[in-house]
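Visitor: A single structure is presented below for examination.
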Amino acid sequence: MASSGYPSDGSYFVESDECTQRMTMRDAAKMLARNRQEMIANELSRLASDEYLEDIMQHMRHMEDETLPDANLIDMQREIQWFMRPYLIDFLIEAHSAFSLLPETLFLTVNLLDRYCSKRVVYKQHYQLVGCAALLIAAKYGDKKDRVPQINELNNMCCGLYDAGMFTQMEMHVLNTLDWNIGHPTVDFFTQLVVAEERDSMEVEHMAAYICEIALYHRDFVSTKPSVMARASLALARAILGKPEVNDGEWDHSDNVTLLTLSQHLHQPSVTLARKYSSQYYSRVSTKLADFLAQQAAIARRGVVPSPPSETSMANKAVDVYSTPHKGLGAVPGVADGYMTPPITPDGSCFGHNNAMIKDYQVPPRCPVTPTPHPTHAPSYSQSQSHVPHQQHMAGPSYFGGSASQMSY
């Protein structure tokens, strides 16, 4: 049998261990160098932060005042009502978790949404669109590029209610309305500072984050400063978990009011939010909060005369906006109905192109109306909701594309 000409040990076909070892050593050297550079950078950053900490905190205090939404101006909205807010926040939390975005991205998203609603009149069919635009802006501002949501993905979550052009136009319109002032010190930023200073446990940090996200659902906290919210949520988290109280010397009346108000909104958290914080990653703080509230309720019932059955049954029938059932819009066949859409009052057959039914908006001070697109096709909604006439588009500017004089306020 003729010789094949290859070495008998088969070294032509088997990689030698020496090459593998050289590659491993090279990779290890790169890793060591990278770790050394990171350690040096962290040390330089720490020294710089210590030197400029006072200036940084002064700037953050100024920014939280400048970028604080005004709940009183949101009250002036014609179509956007506060009972719609939980549905939109649920949707944003679902999208935020789906794309694994940073915690501060969620708080910045809600801040941008509220600031826009403080300056523009928003139609209810655009409420979710504004929330998606705010999420896109916040993700591009602070998150990694590969985690920024794609427009087609957001559109699928919205059940195809909007098209790609509407997302980009609304995104630009939000930026122009806010004068491209995106920077906002979120409550997560101040929470991290306090946690590092007081050496709180991860469990306390997770409980405070859960409480802060519960606050996103309620009007009472729209105009609360993030620094105040951070201190109040951490103090409440320590009390719930039985941790020792911390006295940092900065407690004032606004902190006390915020703490008391927060404690009154913990009894009916959103199901979506409670499910998010029930995982081991978040220390199961939603379950611990529910257990704590149940214990407090049991203690309160001791020695208290129970209410008559009729009053109890009436109390159990109290309206709970968080448990209101939803139905998918069904605009796109095959799209999952798991992503909740804010309630939209249906446009009946008597509305739309009937000019006799069109009424012009009376614009409140400092609240110019966001132009409405020319209606092409109206999705079919449930007829069980109240019939409120749809306010038609303003004459002049096209969808989010009006001139500066038409869009100024």
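Visitor: Karplus couplings for the stretch 30-43 from phi (6.51 cos²θ - 1.76 cosθ + 1.60, θ = phi - 60°), rounded to Hz, Gly and Pro as x?
Guide: Those phi angles translate into 5, 5, 5, 5, 5, 5, 5, 5, 5, 5, 5, 5, 5, 5 Hz.
Visitor: How would THR191, THR24 line up from fewest to most surrounding beta-carbon atoms within 10 angstrom? Mind showing how you got there, number by number?
Guide: Numbers: THR191 27, THR24 10.
By the 10 Å Cβ count, ascending: THR24, THR191.
Visitor: Give the residue from ALA208, TYR282, THR191 lying farthest towards the positive end of the charge dipole for the stretch 187-283; charges sit on Cβ (+1 for Lys and Arg, -1 for Asp and Glu) and the dipole is referred to the Cα centre.
Guide: TYR282
Visitor: Going by Cα centres, the stretch 182-209 and the stretch 49-68 are how many Å apart?
Guide: Cα centroid of the stretch 182-209 versus Cα centroid of the stretch 49-68: 16 Å apart.
Visitor: Take TYR52, TYR162 and order them by how many other Cβ atoms sit within 10 Å, fewest up front. Could the numbers behind the result be given before it?
Guide: Values: TYR52 12, TYR162 21.
So the ranking, lowest neighbour count to highest, is TYR52, TYR162.
Visitor: Just flag the trypsin sites (Lys or Arg not before Pro) in the stretch 116-209 sitting in loop per DSSP whose Cβ has no more than 12 other Cβ atoms within 10 Å.
Guide: Details: sites: LYS119, ARG120, LYS124, LYS140, LYS144, LYS145, ARG147, ARG199; in loops: LYS119, ARG120, LYS144, ARG199.
Answer by residue number: LYS144, ARG199.
Visitor: Taking amide H positions as placed 1.01 Å from N in the peptide plane, with prolines and chain starts having none, which residues 5 or more places from VAL121, or on another chain, fall under 5 Å of its amide H?
Guide: Result for VAL121 returns VAL369, THR370.
Visitor: What does the charge add up to near SER97, with Lys and Arg as +1, Asp and Glu as -1, over the other residues with Cβ less than 14 Å from its Cβ?
Guide: Net of charged neighbours comes to -2.
Visitor: Using +1 on the beta carbon of Lys and Arg, -1 on that of Asp and Glu, and nothing else charged, what's the dipole of the stretch 187-283 about the Cα centre, debye to 20?
Guide: With Lys and Arg at +1 and Asp and Glu at -1, about 400 debye.
Visitor: Can you list which of the chymotrypsin sites (Phe, Trp or Tyr not before Pro) found in the stretch 174-268 are DSSP loop residues with at most 16 other C-beta atoms within 10 Å? Walk me through the numbers before you get to the answer.
Guide: Details: sites: TRP180, PHE189, PHE190, TYR210, TYR217, PHE221, TRP251; in loops: TRP180, TYR217, TRP251.
When the chymotrypsin sites (Phe, Trp or Tyr not before Pro) of the stretch 174-268 are filtered for loop state and at most 16 Cβ neighbours within 10 Å, TRP180, TRP251 remain.
Visitor: Could you run the Karplus curve 6.51 cos²θ - 1.76 cosθ + 1.60 with θ = phi - 60° over the stretch 293-300 and give me ³J(HN,Hα) per residue in whole Hz, x for Gly and Pro?
Guide: Ordered by residue, 3J(HN,Hα) equals 5, 5, 5, 5, 5, 5, 5, 5 Hz.
Visitor: Net charge near TYR282, counting Lys/Arg +1 and Asp/Glu -1 over other residues with Cβ under 11 Å of its Cβ?
Guide: Neighbour charge sum, excluding TYR282 itself: +1.
Visitor: Through the Karplus equation 6.51 cos²θ - 1.76 cosθ + 1.60, θ set to phi - 60°, convert the phi angles of the stretch 60-65 into ³J(HN,Hα) values in whole Hz; use x for Gly and Pro.
Guide: 5, 4, 5, 5, 5, 6
Bear in mind that the values in this text are calculations on the coordinates, not laboratory data. Computed from a predicted structure; not experimentally measured. So basically every Cβ, Gly included, is an ideal-geometry build from the backbone, and we count neighbours across all protein chains shown.
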